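This report concerns only the one structure given below.
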Amino acid sequence: MIRSGTKGRILDIIFANGTRICALLVFLIIVAIMVSLLAGAWPALKKFGPSFIISSQWNPVTEQFGALVAIYGTVVTSIIAMLIGVPVSFGIAIFITELCPVWLKQPIATAIELLAAIPSIIYGMWGLFVFAPFFGDHIEPWISDTLGRLPVIGPLFSGPPLGIGVLTAGIILGIMVIPFMASVFRDLFEVVPSVLKESAYGIGATTWEVIKKIVLPYTKVGVVGAIMLGLGRALGETMAVTFVIGNADRLETSLLMPGNTISSSLANQFTEAVGEIYTSSLIALGLILFLLTFMVLALAKYLLIRLTLKEGVRT
Amino acid sequence: MNGLRNINVSLYRKRRIVNFLILTCSILTTLFGLFWLVWLLATLFFHGFKYLDLSVFTQPTPPPGESGGLANAIAGSVLITLMGVLLGAPVGVLAGTFLSEYAIRSRIAPVIRFVNDVLLSAPSIILGVFVYEIVVVPTGHFSGWAGSLALALIALPIIVRTTEDMLKLVPNTVREAACALGAPRWKVTVSIVYRAARAGILTGVLLAIARISGETAPLLFTALNNQFWSSSLNEPVANLPVVIFQFAMSPYEDWQNLAWAGALLITISVLMLNIIVRTFLRTGK
Amino acid sequence: MKTTAYIFLMAMVAAICSMETGGSYAGEVKAISGAGATFPYPIYAKWASAYYKLTGIKLNYQSIGSGGGIKQIKAKTVDFGASDAPLKPEDLDKWGLFQFPMIMGGVVPVVNIPGVKAGQLKISNKTLVDIYLGKIRKWNDPKIASENPGLSLPGINITVVHRADGSGTTWIFTNFLSKVSQEWKEKVGNAKAVAWPTGIGGKGNEGVASYVKRIRGSLGYVEYAYALQNRLTYIKLKNRAGAYVAPNMDTFQAAAANADWKGAKGFYVVLTDQPGKDSWPITGASFILLQRVQDKPEVAKAVLSFFDWCYRNGKEMAKKLDYVPMPEMVVNLVEEAWKTEIKDKNGNPVWP
């Protein structure tokens, strides 16, 4: 009895420390990635200083590099993706939780989530060979004839219908983030206690009023957190964007014109970059992207933590 | 009195209309989401299905103008993915165990959890660059192992997270009951908690497999690719995503057709895996 | 149960690991790895496949880009590198590398203008430069019209298409533009990736080809095989001798024939803007890069044997895939250079 006890204790220590080491390994990996990115980016950061972030030049011949175009493209495509993805995911979540007949719930939820399972290179091929031609021939002329004529936002939507560009990339990103956000929204909406919803229905509220007045306030912070998670996805997406964004290192007002993102710059140029400064500038772009997703994630976490704290108070 | 009733009726009508509009929109958005899935799959079937024959599974990748298949790429993909999971899963499960079982009041747990989410959201191309720097350059050659490691880094955070979530679902009373019988902690974890959460842990692993089997960007700088059958994971290994990428961007029609067949194949297998996971999870519950 | 399964798995892993450390790179060379330029990838794959059937040696060539090829051979992560842009002799010396030309091809400007068929449109060098500088913006510009009497050109915008990724094709194309225009040389320059004054970028030749196919009024540049396989509308260019020529095997060969390989140190020859009235002005060779001092002479020997076989027996395969094989004279020069340039650690020649 005692012997098995000591043996058990030793195994206990081994097992506990084994799990601890593995957990610390995760931490070490992130540190190692940070260090290697910083070390790789250092020559470029030293040479260009803070102006690296605000310079819109990207000239491999004269070795003058700035990140502004890529940052702009990354942020703008992600915003477009959010403008499409958030309302659509929201609608899907409402449909699944409030409207859908029970037997259809699971199939539809699964189908939407399958969108997330399709590898991003498939989105890229489809985008280049199927979606961009269709979009350029049928949708973009219409956009520049209608939205392009409007005052103020007109310049954003004018230009030749190339089918390739910031808007196309944003739309494909939007499709790609829908399943992530829709499934989190759905989970959130389903944890709203039915007592709350039913009492609202009981006093005669319509479905929309229940969602607006009961479900949304209850899940508010979580919804914002989910949006942030979707945003993090959109920022880092590589292969799909590379195929359809047009990869031009210039700042353009029009969303129909080609642009570039950080990840597509990396995918296009990393293997071809010769010379320390060029490679280092690309790695510096990677570092910026890493920090960008890091910040978005931190914000999401902060909001989600506030949510759980609030729940704690409530119960 | 009469007026008041009129106002109420018009208000009621307005509420009804708003409600109707919003709900219609929600149906439309759902159709919108499904529309893309259907369009994508239709494209893949249209372009790929007629080239998906037996030779795709039996013959290695051909040079342009000759007949061939994707057999070496399929085998390579399976091997790299499997090794990636075998590298990532044990670490992931143990780390998840730590977060769920041992770190309840620990101050490092939130840090690990956060760092894990950072790793989860790290762009895969950056992980590829990282593995290139720490494995490919020091060993002096591209290798299947480097590819597996890159994939393991992607799989790891997924497994950590699902393991933690799944272990937390196991009721505390089960642990307490086992401890009360005098079982040591590790034994409680391994033979009681793991067993209870078996389906969940396996789900996480399968999800990780589904996620990494379609990854292209990190393999470009690590596993590279191979025209032939590789004799070991210590040399460049053929894999489906990179082959699809190269063949799709080539000028030759026979290569492009193989790329579509490969794209269809990889999408079907990933989708099947996801569906299996889901049904599995439901019966597991 | 779980533990047994786990032990089994671990045993399997261990078995695979031990199996694998045994076989590689010992004794007889059975596998060679190379990486680099995308342009020659199809023909190297073809040669490798034929050579494997003949000898059982697997030569794995992967297209990661010319810059990648240079980077990898410098880091010795591959047995040979490949680049579409020749390295300067001083760079070769600095990095201890040796290069030789393996195969040739041409870069072809292609257009998508309604009503214009392949070979109908003629464009002078000056006009081509002006279009790529964004100075000429419409197809019915008087400059283009005056070069094409009798051809009716629509008044649509010109959309310039270029490569988005760094590439040897871009290097050859911008090398040509820099040679014929001082303004291009000063403003933009010659590199694998440049700051384009105008236009959109496609990923890879296929990306450029598909943009040109889709966008009305576009002008792009791709390698010959892509123009041919995608049935794109190529244009005629004015060469140094002042004649308008169409891109094909004969005009590429004419450009190569006039090049001075013998006098070029380190085979640094750029085939753009060559003399001769039949020369296609944007011709280029693709180069192989080797370490001058070989740690593994037996591998180097296998690499050289492969390329020797390709020079001697690979010509027909190359032509079938729209590549131009190297002339006999150049092959002999290259193989002579192998004897003196490639050595093992003790200074003994590796070839023959």
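Numerical summary
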{"item": "Among A:147, A:262, A:8 the positive-end extreme of the charge dipole of chain A (Cβ point charges)", "result": "A:8"}
{"item": "Computed magnitude of the charge dipole of the protein assembly as shown (debye, nearest 20; Cβ of K, R +1, Cβ of D, E -1)", "result": "2540 debye"}
{"item": "Distance (nanometres) between label positions extended 7 Å along Cα→Cβ at residue B:35 and residue A:145", "result": "1.9 nm"}
{"item": "Candidates C:118, C:37, C:75: whichever shows maximal mean-square fluctuation once chain C is modelled as a Gaussian network with Cα springs under 10 Å", "result": "C:75"}
{"item": "Sequence of C:66, B:232, A:265 once ranked by neighbouring C-beta atoms within 10 Å, starting from the fewest", "result": "B:232, A:265, C:66"}
{"item": "Relative contact order (percent, whole number), segment C:112-171, Cα cutoff 8 Å, 6+ residue spacing", "result": "34 percent"}
{"item": "Radius 10 Å from Cβ of residue B:92, net charge of other residues (Lys, Arg +1; Asp, Glu -1)", "result": "0"}
{"item": "Shielding by other protein chains, C:69-79, mean Cβ within 10 Å", "result": "4"}
{"item": "Per-residue mean of C-beta atoms belonging to partner chains within 10 Å, peptide A:56-68", "result": "3"}
{"item": "Computed magnitude of the charge dipole of chain B (debye, nearest 20; Cβ of K, R +1, Cβ of D, E -1)", "result": "2040 debye"}
{"item": "For segment B:194-285: relative contact order, % (alpha-carbon pairs under 8 angstrom, 6 or more apart)", "result": "34 percent"}
{"item": "For residue C:222, distant residues with modelled amide H under 5 Å away", "result": "C:108, C:110"}
{"item": "Qualifying GluC sites (Glu not before Pro) for segment B:66-174 [loop in DSSP, other Cβ within 10 Å: at most 14]", "result": "B:66"}
{"item": "Neighbouring partner chain Cβ atoms per residue of B:260-270, average, 10 Å criterion", "result": "2"}
{"item": "FRET efficiency, 1/(1 + (r/R0)^6) with R0 35 Å, evaluated for residue C:339 and residue A:46 via beta carbons", "result": "0.15"}
{"item": "Burial order of peptide ranges B:55-65, A:222-232 (average beta-carbon count within 10 Å, highest first)", "result": "A:222-232, B:55-65"}
{"item": "Among C:246, C:268, C:199 the positive-end extreme of the charge dipole of segment C:187-274 (Cβ point charges)", "result": "C:199"}
{"item": "Restricting segment B:86-172 to trypsin sites (Lys or Arg not before Pro) in coil, as DSSP defines it, with at most 11 other Cβ within 10 Å", "result": "B:105, B:107"}
{"item": "Backbone N under 18 Å from the residue B:59 label point (7 Å along Cα→Cβ), restricted to segment B:208-228", "result": "B:227-228"}
{"item": "Cross-link table C:301/C:345; C:122/C:277; C:135/C:192, entries beyond 19 Å C-alpha to C-alpha", "result": "C:135/C:192"}
{"item": "Given C:296/C:319; C:88/C:203; C:315/C:343, the pairs whose alpha carbons are separated by over 30 Å", "result": "C:296/C:319"}
{"item": "Among beta bridges that DSSP assigns inside the protein assembly as shown, antiparallel share in %, nearest 5", "result": "60 percent"}
{"item": "Estimated FRET transfer efficiency (residue A:57, residue C:135; beta-carbon r; R0 25 Å; 0.05)", "result": "0.75"}
{"item": "Convex hull volume of segment C:70-186 per residue (C-alpha atoms, cubic angstrom)", "result": "141 Å³"}
{"item": "Relative contact order, percent, chain B [alpha-carbon distance under 8 Å, six or more residues apart]", "result": "26 percent"}
{"item": "Given charges at beta-carbon only (K, R positive; D, E negative), |dipole| of segment C:215-332 in Debye", "result": "220 debye"}
{"item": "Cβ-based exposure ranking for C:310, A:22, A:100, in which fewest neighbours within 10 Å come first", "result": "A:100, A:22, C:310"}
{"item": "Selection from B:125, B:112, B:57 lying farthest towards where the dipole of chain B points positive, charges on Cβ", "result": "B:112"}
{"item": "At q = 0.05 Å⁻¹, base-10 log of I(q)/I(0) for the protein assembly as shown (Debye sum, equal scatterers on each alpha carbon)", "result": "-0.32"}
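Coordinate-derived values only; no laboratory data. Note that the coordinates shown come from a computational prediction; the quantities given were computed from them, not determined experimentally. Backbone-built Cβ (ideal geometry, glycine too); neighbour counts: all protein chains shown.
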